[in-house]
Amino acid sequence: MDANNDQKTVLSVGMMCLDIVTVCRSYPEEDTDQRVLDYYWQRGGNASTTSTVLAMLGERSEFVGAMATDIESNFLRDNLKSYGVKCDNAMVCESDIKTPVSMVIINQSNGSRTILHCAKNLPEVSFSHFQTLDLSQYKWIHIEARPAPDSYSQIMRSIVEHNETVSEKITISLELEKPRRPELDTLMQYADVVFISKEKADDERLFSKEDVVRTYIKKCKAGAVVICAWGDQGAAALSSKDGVLCTSPVFPPETLVDTLGAGDTFNAATVFGLCQGQSLQGAITLGCKVAGAKCGMKGNNGLKDMKWD
């Protein structure tokens, strides 16, 4: 890797929210009263989690998204900085804007997570705010596709235009997670790397990770890479440069503890691997290893103490 590029930052653009997590012995039945095993606040949101895992793996990491000024946002900002993730360029909103909150139920018996999300009134990051960033500071920009296609299209197009004027290009990755958002598929035209979720694939009646990457590579620009993680079936990736299909098995923990954020962890570890010059095969294998380890622990704090071969 170029030494100058190694000093640059990986930027994650998207949402940050507060997760209020409740750990139950088993999933609660409706209209019952029961004690829970644990309860805690943690920071959530796809781009937010991705930026954290990147920092724990050793990348210079930054998060940009909209942030409120309420009590919840103060907790989130302090927590983000505690991991060494820069957030000084976040889009700070007016005082009547509220932080989105997710109520998360973790079933200890099988590690499943059920998310009840309250979006509140936090806006999406605007293109005008993104224009205030100095793009020369970044080597990779990861975009969490959010329901603001016009703004995100302008953001991604501006990165492409920046790349046309410089020798050290910024790699653009895009996460398409939510189903029933076909308008966001247009963003693929700007991305070098596209992550497609199993949830989105299921909605489009694609029934394997291999089918997903083969289908979506046809929708991307020349030279792009498509990656799909498929839960306990591992992950697949396909590059239009060589047409070689790569797959990785899953690496499950001894005990399944918490799957919340496993997908974001996979994305971050895969981006990290590619930033470090690993092959596509090596990067998705690393992604599966790190995501598997995350599923064996509460949250993801333990990742920073682990070594990855």
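The values are calculated or read from the model by the stated rules, or taken from the named source; none is laboratory data. Computed from a predicted model, the values in this text were never measured in an experiment. Don't worry about glycine lacking a Cβ; one is built from the backbone with ideal geometry, like all the others, and counts go over all protein chains shown.
Of everything listed in (1) hydrophobic (A, V, I, L, M, F, W, C); (2) assigned to a strand (DSSP E or B); (3) out of contact with any strand residue (DSSP E or B) (no Cβ under 7 Å at 6 or more places or on another chain), the single unmet condition for ILE143 is (3).
Could you pull out every one of the strands (runs of 3 or more DSSP E) wholly within the range 221-292 that has 3 or more residues that are of a type outside the set (Ser, Thr, Tyr) and crowded, with 17+ Cβ neighbours inside 10 Å?
Values: elements: 225-229, 235-239, 245-248.
The strands (runs of 3 or more DSSP E) meeting that bar are 225-229, 235-239.
Across the range 25-64, the qualifying residues are those that are at positive phi and not acidic (Asp, Glu), and the one among them that is farthest from the chain's Cα centre (by Cα) is GLY58. A single member of LEU37, LEU80, LEU76 is touching a Phe, Trp or Tyr at 6+ places or on another chain (Cβ under 7 Å) and in contact (Cβ under 8 Å) with a residue 60 or more places away in the chain, and it is LEU80.
Taken over the range 70-83, the criterion of being surrounded by 15 or more Cβ atoms within 10 Å (Cβ to Cβ) and under 18 Å from the mean Cα position of the chain (by Cα) is satisfied by LEU76, ARG77, ASN79, LEU80, TYR83.
Which residue, of GLU175, GLU161, is in contact with a His (Cβ under 9 Å, 6 or more places away or on another chain), of a type in the set (D, E, K, R) and modelled with pLDDT of 95 or more? Lay out the reasoning, then the answer.
On the way: GLU161 fails: in contact with a His (Cβ under 9 Å, 6 or more places away or on another chain).
When all the criteria are applied, what remains is GLU175.
Scanning the range 20-49 for residues that are within 30 Å of ALA191 (Cβ to Cβ) and surrounded by fewer than 23 Cβ atoms within 10 Å (Cβ to Cβ) yields one hit, GLN42. When SER102 is tested against (1) touching a residue at least 60 places away in the same chain (Cβ under 8 Å); (2) farther than 20 Å from GLY263 by Cα, just one condition goes unmet, and that condition is (2).
With the structure loaded, tell me whether ASP150 is in a helix (DSSP H, G or I) and touching a residue at least 24 places away in the same chain (Cβ under 8 Å) or whether it fails that test.
Working: in a helix (DSSP H, G or I): yes; touching a residue at least 24 places away in the same chain (Cβ under 8 Å): no.
No; evaluated as a whole, the condition is false for this residue.
If you check LYS304, LYS294, which single one turns out to be modelled with pLDDT under 95, among the basic types (Lys, Arg) and over 23 Å from PRO179 (Cβ atoms)? After ruling out the rest, the residue left standing is LYS304. Looking across the range 31-60, just one residue is in contact with an Asp or Glu (Cβ under 8 Å, 6 or more places away or on another chain) and of a type in the set (Phe, Trp, Tyr), and that is TRP41.
Restrict the check to the range 95-113 and report whether at least one residue is crowded, with 17+ Cβ neighbours inside 10 Å, closer than 25 Å to GLN154 by Cα and in contact with a Pro (Cβ under 7 Å, 6 or more places away or on another chain). Within the range 95-113, not a single residue is crowded, with 17+ Cβ neighbours inside 10 Å, closer than 25 Å to GLN154 by Cα and in contact with a Pro (Cβ under 7 Å, 6 or more places away or on another chain). Among the residues of the range 159-185, those identified as out of contact with any Leu (no Cβ under 8 Å at 6 or more places or on another chain), surrounded by 15 or more Cβ atoms within 10 Å (Cβ to Cβ) and of a type outside the set (Lys, Arg) are VAL160, ASN163, ILE172, SER173, GLU175, GLU177.
Quick grid of which residues meet (1) closer than 19 Å to HIS117 by Cβ; (2) acidic (Asp, Glu):
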position: LEU11; (1), (2): no, no
position: ASP19; (1), (2): yes, yes
position: ASP31; (1), (2): no, yes
position: GLN34; (1), (2): no, no
position: GLY44; (1), (2): yes, no
position: GLU62; (1), (2): no, yes
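Is it the case, given these coordinates, that GLY14 is under 25 Å from LEU133 (Cβ atoms) and of a type outside the set (A, V, I, L, M)? Talk me through it step by step, then tell me what you get.
On the way: under 25 Å from LEU133 (Cβ atoms): yes; of a type outside the set (A, V, I, L, M): yes.
For GLY14, the condition - under 25 Å from LEU133 (Cβ atoms) and of a type outside the set (A, V, I, L, M) - is met.
For the condition touching a strand residue (DSSP E or B) at 6+ places or on another chain (Cβ under 6 Å), under 30 Å from THR114 (Cα atoms) and of a type in the set (A, V, I, L, M), ALA262 does not qualify.
Among the residues of the range 186-220, the ones that are modelled with pLDDT of 95 or more, in a helix (DSSP H, G or I) and among the acidic types (Asp, Glu) come to 2 in all.
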